[in-house]
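Colleague: Questions regarding the structure given below will be posed in turn.
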Amino acid sequence: MLSRALRCPRRTPAVSHSLVFACGNHNQSFPGNSQSSGRTASFGFKTVPEESKESLVKGVFDSVASKYDLMNDATSLGVHRLWKDTFVDSLKPGRKGPMRCIDVAGGTGDIALRILDYARENYADRETTVEVADINAQMLAEGVKRFKKTMYHYTPQISFHEANAQELSPSQFKDDTYDLYTIAFGIRNCTSIPAVLREAYRVLKPGATFACLEFSKVNNPLLNVLYDQYSFSVIPLLGTILAGDRDSYQYLVESIRKFPGQPEFAQMIRDAGFATGGDHDGGAWMDLWGGIASIHTGVKV
């Protein structure tokens, strides 16, 4: 979709898209911080003080930001692009008219670009907007770079904001504002998934959609064995060869295994107040490639 955007003529700029620092209170704490809460969180297979996880994850994405798209292509053999296309296609942005969307943990802008392209190409919609929110400034910088190559640069359709998914600034991200909230391959890196879901519920309009694309639990035993072997041997090796960073990719593999399974995550979405389908593939979630990834959706009631 990026290539199609590049071939289109650029409109006369209307409003500059901006990298806006709307962080709220990050309360970033580092390992060894004396103000420990005593609570713990998982960082891959490690258990760390809860207040340390945010800074540790930030370090991972600072390290991989410039190689993020390359590594996604290499580690998934390009399949992540198909999953993201399916994700956006399942939501059909623009079908019912222009939408105000927020894409959280979307720093590199690939989901935002797909949303805008889909609305324009399928429904001649040039009014749908996407606000990209990410806690990591280096990932956002990659997104800004991506959009400079597209027709959406310097238009009101796209903006970038440094923000914490668990605590979106109420002055910037107001209650009952958005028609669609997306988060792709990001929620598992957050310290508190329930806090992210509560914020998603707060900022969405009644009747609006929460949609999450995330790695999940493989339901075929043979595929699961093959997937484990590939994940723990090949992906960290590719991280070493292509990005010079084995540890970050080891964490990313481990974080996938620590993420809740489909029924458990669906219940978390309901606990936040959303209505979902039944606890089965095709209901509360849609499995991709046997559950290697899944699309979860909920509606704010």
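The values are calculated or read from the model by the stated rules, or taken from the named source; none is laboratory data. Since the model is a prediction, treat every value here as computed from it, not as a measurement. Methodologically, a virtual Cβ is constructed for each residue, glycine included, from the backbone with ideal geometry; neighbour enumeration extends over all protein chains shown.
Colleague: Residues to consider are Y118, Y123; find the one that is in contact with a helix residue (DSSP H, G or I) (Cβ under 7 Å, 6 or more places away or on another chain) and of a type in the set (S, T, Y). Steps first, please.
Modeller: Details: Y123 fails: in contact with a helix residue (DSSP H, G or I) (Cβ under 7 Å, 6 or more places away or on another chain).
Just one listed residue meets the conditions, Y118.
Colleague: Can you list residue pairs whose Cβ atoms sit under 6 Å apart, with the first residue in region 131-146 being within 21 Å of R100 (Cβ to Cβ) and the second being aromatic (F, W, Y)? Count only pairs 6 or more apart in sequence or on different chains.
Modeller: Short answer, once both residue conditions are applied: V132/F160; L140/F160; G143/F160; V144/F160.
Colleague: To continue, here is another question. Can you name the residue in region 46-62 that is surrounded by fewer than 18 Cβ atoms within 10 Å (Cβ to Cβ) and among the small types (G, A, S) and, of all such residues, is modelled with the highest pLDDT? So that I can check it myself, show each step before the final result.
Modeller: Step one: list which residues in region 46-62 are surrounded by fewer than 18 Cβ atoms within 10 Å (Cβ to Cβ), which gives 46-48, 50, 55, 59, 62.
From what is left, the residues that are among the small types (G, A, S) are 55, 59.
Numbers: S55: 78, G59: 70.
Per the criteria, the residue is S55.
Colleague: (1) under 30 Å from P49 (Cβ atoms); (2) at pLDDT below 95: which one isn't true of Y154, the others all being true?
Modeller: (1)
Colleague: Report, by residue number, each residue of region 65-122 that is in contact with a strand residue (DSSP E or B) (Cβ under 8 Å, 6 or more places away or on another chain) and hydroxyl-bearing (S, T, Y).
Modeller: Within region 65-122, T86, S90 meet the criteria.
Colleague: Any idea how many residues of region 118-141 are part of a helix (DSSP H, G or I) and surrounded by fewer than 21 Cβ atoms within 10 Å (Cβ to Cβ)? Step through it out loud before you land on a result.
Modeller: First pass over region 118-141, keeping only residues part of a helix (DSSP H, G or I): 118-123, 137-141.
Those left that are additionally surrounded by fewer than 21 Cβ atoms within 10 Å (Cβ to Cβ): 121-123, 137-138, 141.
Residues meeting the conditions: 6.
Colleague: Quick check on my filter: what residues within region 36-45 are modelled with pLDDT under 70 and either in contact with a Ser or Thr (Cβ under 7 Å, 6 or more places away or on another chain) or assigned to a strand (DSSP E or B) (or both)?
Modeller: Once the filter is applied, which keeps residues that are modelled with pLDDT under 70 and either in contact with a Ser or Thr (Cβ under 7 Å, 6 or more places away or on another chain) or assigned to a strand (DSSP E or B) (or both), region 36-45 yields S42, F43, G44.
Colleague: A further question follows. Out of all the residues in region 287-301, which are under 27 Å from D176 (Cβ atoms) and either of a type outside the set (A, V, I, L, M, F, W, C) or part of a strand (DSSP E or B) (or both)? Step through it out loud before you land on a result.
Modeller: Within region 287-301, the subset under 27 Å from D176 (Cβ atoms) is 295-301.
If the condition is that a residue be under 27 Å from D176 (Cβ atoms) and either of a type outside the set (A, V, I, L, M, F, W, C) or part of a strand (DSSP E or B) (or both), then I295, H296, T297, G298, V299, K300 are the ones that fit.
Colleague: Sticking with this structure for a sec: Being of a type in the set (A, V, I, L, M), under 22 Å from E167 (Cβ atoms) and more than 17 Å from the chain's Cα centre (by Cα) narrows it down to one of A243, A200, A195, A272, so name that one.
Modeller: On the way: A243 fails: under 22 Å from E167 (Cβ atoms); A200 fails: more than 17 Å from the chain's Cα centre (by Cα); A195 fails: more than 17 Å from the chain's Cα centre (by Cα).
None of the other options fit; the residue is A272.
Colleague: Scan region 163-186 for residues that are under 17 Å from L140 (Cα atoms) and aliphatic (A, V, I, L, M) and jot them down.
Modeller: A163, A165, L168, I183, A184
Colleague: Within region 270-286, work out how many residues are in a strand (DSSP E or B) and hydrophobic (A, V, I, L, M, F, W, C).
Modeller: Narrowing region 270-286 to residues in a strand (DSSP E or B): 274-275, 281, 285-286.
Now restrict to residues that are hydrophobic (A, V, I, L, M, F, W, C): 274-275, 285-286.
Matching residues across region 270-286 total 4.
Colleague: May I pose another question? When only residues in region 225-241 that are in contact with a Lys or Arg (Cβ under 8 Å, 6 or more places away or on another chain) and surrounded by fewer than 16 Cβ atoms within 10 Å (Cβ to Cβ) count, which is modelled with the highest pLDDT?
Modeller: Result: L237.
Colleague: Do any residues in region 98-112 that are within 15 Å of T129 (Cβ to Cβ) have Cβ atoms under 7 Å from those of residues that are among the basic types (K, R), where the two are at least six apart or on different chains, and which pairs are they?
Modeller: Matching pairs, first to second residue: G109/R146; I111/K84.
Colleague: Which of (1) without any contact (Cβ under 8 Å) to a residue 24 or more places away in the chain; (2) among the β-branched types (V, I, T); (3) closer than 30 Å to A65 by Cα is the odd one out, the single condition T276 does not satisfy?
Modeller: For T276, the exception is condition (3).
Colleague: Considering L204, L222, L168, which residue is buried (at least 19 other Cβ atoms within 10 Å of the Cβ), of a type in the set (A, V, I, L, M, F, W, C) and over 18 Å from D271 (Cα atoms)?
Modeller: Values: L204 fails: over 18 Å from D271 (Cα atoms); L222 fails: buried (at least 19 other Cβ atoms within 10 Å of the Cβ).
Exactly one of L204, L222, L168 is buried (at least 19 other Cβ atoms within 10 Å of the Cβ), of a type in the set (A, V, I, L, M, F, W, C) and over 18 Å from D271 (Cα atoms), namely L168.
Colleague: Still on this model: Return a yes/no flag: does region 230-238 have any residue that is of a type in the set (A, V, I, L, M, F, W, C) and within 20 Å of F87 (Cα to Cα).
Modeller: Going through region 230-238, the residues of a type in the set (A, V, I, L, M, F, W, C) turn out to be 232, 234-235, 237-238.
Filter again for within 20 Å of F87 (Cα to Cα), leaving none.
Scanning region 230-238 turns up no residue that is of a type in the set (A, V, I, L, M, F, W, C) and within 20 Å of F87 (Cα to Cα).
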